[in-house]
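Quick note: the coordinates plus some simple rules give every number you see, no bench work behind them. Note that the coordinates shown come from a computational prediction; the quantities given were computed from them, not determined experimentally. Because the Cβ atoms are built from the backbone with ideal geometry, glycine has one as well, and the counts that use them run over all protein chains shown.
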Amino acid sequence: MRNVEVRLHRDFAIGSTHPRLFGAFIEHLGRCIYGGIFEPGHPTADAKGFRQDVLSLVRDLAPTIMRYPGGNFVSGYNWEDGVGPVGKRPRRLDLAWMSTETNQFGTNEFIDWCRLAGIEPMLAVNLGTRGPDAARNLVEYCNHPSGTALSDLRRAHGWLEPHAIKFWCLGNEMDGPWQIEAKTAAEYGRVACEAAKVMKWVDRGLELAACGSSGRRMRTFGQWEDTVLEHTFDHVEFISLHTYLNNYDGDTPAFLASCDLMDSFIEEVVAIADAVAARRRSSKRIMLSFDEWNVWYRTRRDRRARVRAGWPEAPPILEEIYNVEDALAFGGMCVSLLNHADRVTAACLAQLVNAIAPIMTETGGPAWRQTIFWPFLHFSRLGRGRVLRTHVDCPTYAARYNDPNGPIDEYFPLPAVPYLKLAAVHDENGGLLTLFALNRSLEEPLPLSLQAGGFHKIAVKQAMQLSDPDLKAVNTKGDPDRVRPAALSAVEAAGDRLEATLPPASWNVIQLSLA
Ligand code: AHR
C-alpha cells in the first residue's frame with residue numbers, strides 16, 4: 001500500500017471527551033447480573049455477593065458510568081419489586097428475556113456496586129408498562145433526602161443518604177416492535193415529556209435522555225427523532241442512539257467498514273436535533289447518548305441463543321464469543337465515538353458481563369477477558385482529553401454492509417472506505433498524544449507518516465497492536481489470553497513526525513509523549 005499521510009495540529013480540536021463517553025451497561029439479562037457481577041457464595045464474593053474477580057476486571061476497564069436495569073427488561077420492570085427485604089421480594093416473569101426475575105438484586109444493590117467500583121450510576125425508567133408516576137416515585141425514592149413516604153422508605157431499607165443519581169433514560173427503545181408496550185413517536189414523545197417534567201420537579205438537577213431510534217436501519221429513523229424532540233426539546237438534555245454491528249455475511253472488509261455508518265448515524269441525529277432547535281430559534285444543543293453500542297449478531301437472531309424454554313433464572317443467553325475481527329470492528333466504533341466527542345457526551349458499551357460482554361464468568365469459577373476487552377480498555381484509559389481533527393490521505397475500498405436486524409432488510413453501500421480509521425487524543429495534563437488506528441486492509445501492512453503540527457518534539461512512549469493471522473481466533477476459559485495486545489515495533493518519531501507500519505487487519509494504539 002502506498003504511504004498514508006496524516007496531518008493534525010495541536011490547535012485544531014473537535015472537542016474534549018466527556019467523562020461519560022466511557023460508560024457501560026448492565027441489564028437484568030441472562031447472567032449479566034446474576035452469576036456475573038453478583039454471585040453470593042462465589043469464592044471471591046464479598047458480604048454483599050459482589051464478585052471481586054469481576055470487579056477487578058471492571059476496574060481495569062475503568063468505565064465511568066453504568067446504565068441499569070435495562071434495556072428491554074426495564075419496559076416491564078416494577079422498581080418497587082427490587083427494594084426492601086430481599087426475602088420478601090417477588091419472583092416475576094420477565095417478558096423481555098422470557099426468564100424468571102428473582103429480584104435479589106435491585107436499585108440499592110446497583111448503587112452499592114457502582115460506589116464500590118467508582119462508577120457513576122445511570123438509571124432507566126419504565127415507560128413501557130408504566131409511566132410518569134412510577135418514574136417520579138423512583139426519583140423521589142432515590143434522590144429525595146428524607147421526610148416523605150418514599151425517601152423515608154429508602155432510609156428504612158438501610159440507605160440513609162440520597163443516591164444522588166443525575167443521569168436518567170426515559171425508557172428504552174420505545175420505537176422497537178419487540179419492546180414491551182412499544183409506542184409511536186407521538187405517543188412516546190408525549191409520555192416522555194410528561195415523565196421528564198415530573199421527574200425534574202422532584203429533582204431539578206437531573207439530566208435526561210429521550211429514546212432515539214433503536215438503530216439507523218429502523219423504518220421510522222429520522223421522523224422518530226424529529227417528533228420525539230418536538231415533544232421533549234425543552235425538558236431533556238440528550239437523545240439516545242443504539243448500534244450493534246454484525247458480520248452475518250462473513251464479509252470482513254464490509255464488517256470493518258460498517259463502523260463508518262456509526263459516524264453517519266451520529267451526524268444525522270445531530271442534524272435532526274439541531275433542526276428542531278432551529279425551528280425554535282433556540283441555541284440549546286441536545287447532546288447524544290450512545291447508550292448501547294457493540295458487535296452483536298451470533299446470539300441475536302438465533303432464538304435458542306436468545307431464549308431458553310421453561311422460564312429459567314439467569315439463563316446463559318446472548319453469550320456471544322468475540323473473535324479478533326470483532327475486536328477490530330469494535331475498535332473502529334471507539335474511533336467513531338472519539339471523533340464525535342463534541343456531541344456524543346455519553347456512551348455505554350452494551351454490555352459488561354456475560355451477555356454480549358468483554359468480561360465472561362464461570363459460575364463458581366474464574367472470570368476472563370474476551371477480545372473486545374482490549375480495545376475498550378485502550379479507549380477508556382487512554383482516550384481522555386482533546387480529540388484533534390485529523391486529515392487522512394489514504395487509499396480506499398468499496399464495501400456493501402448487510403444490516404438485516406430490523407424492519408428494513410437492506411444493504412448499505414460504502415463506496416469509499418479509507419483503509420485507515422484514526423482518532424488522535426491530546427492529554428494536555430499528561431503531556432501525551434495518543435493515536436487509535438485501525439488498519440482495515442486484510443492483506444497489506446499500512447505505512448503511516450504523521451505530522452503532528454504544533455508539537456515540536458514527540459517521542460514514542462508505548463505502542464501496542466492487536467492482530468492475529470487467524471481473524472476468527474477467540475479467547476476461551478481454557479485459553480483466556482490467546483488474543484491480547486502485543487508490542488508494535490515498527491514505530492519511530494523524530495521532531496514532529498511519526499513513521500509507523502501497522503500490520504494487516506490490526507488495532508493499534510500509539511502513545512506519544514510531548515516535549
Ligand atoms: O443489549 C441487549 C438489548 O439490545 C437491550 O436490552 C435492548 O435495549 C437492545 O435491543
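Checking the a/c ratio against 1.5 first, then a/b against b/c, what shape does the Cα gyration tensor give for the chain?
It is prolate, given that a/c is not under 1.5 and a/b is the larger ratio.
Of the options P413, F376, W296, report the single residue whose Cα projects farthest towards the positive end of the charge dipole of the chain (beta-carbon charges: Lys, Arg +1; Asp, Glu -1).
Farthest along the dipole direction, towards plus: F376.
So which lysines can K183 reach, going by Cα to Cα under 25 Å and dropping same-chain residues fewer than 8 places off?
Those lysines meeting the cut-off are K197, K200.
How do L498, L116, L377 line up, fewest other C-beta atoms within 10 Å first?
The order, fewest Cβ neighbours first, is L116, L377, L498.
Mind putting a number on the dipole of segment 238-378 about its Cα centre? Charges go on the C-beta only, +1 for Lys and Arg and -1 for Asp and Glu, and I need it in Debye to the nearest 20.
600 debye
List the trypsin sites (Lys or Arg not before Pro) within segment 299-376 that fall in a DSSP loop (any state other than H, G, I, E or B) and whose Cβ has at most 14 other Cβ atoms within 10 Å.
R301
Among bridges DSSP assigns within the chain, what percent are antiparallel (round to 5)?
Restricted to the chain, the bridges split so that about 60 percent are antiparallel.
Can you tell me the dipole magnitude for the chain around its Cα centre, using point charges on the Cβ only (Lys, Arg +1; Asp, Glu -1), in Debye to the nearest 20?
Charge dipole of the chain: 620 debye, to the nearest 20.
Determine, for each peptide in 76-85, 391-400, the mean count of other beta carbons within 10 angstrom over its residues, then list the peptides with the highest first.
Those peptides, ordered most packed to least, come out 76-85, 391-400.
Which loop-located trypsin sites (Lys or Arg not before Pro) does segment 177-239 contain, where loop means any DSSP state but H, G, I, E or B and the Cβ has at most 15 other Cβ atoms within 10 Å?
R204, R219
Got a sec? How would S467, S75 order by Cβ neighbour count within 10 Å, fewest to most?
Result, fewest neighbours first: S467, S75.
Sorted from fewest to most neighbouring beta carbons within 10 Å, what does the list T501, T476 look like?
T476, T501
Could you work out how far helix 52-61 tilts from the main Cα principal axis of the chain, as a 0 to 90 degree angle to the nearest 10?
50 degrees
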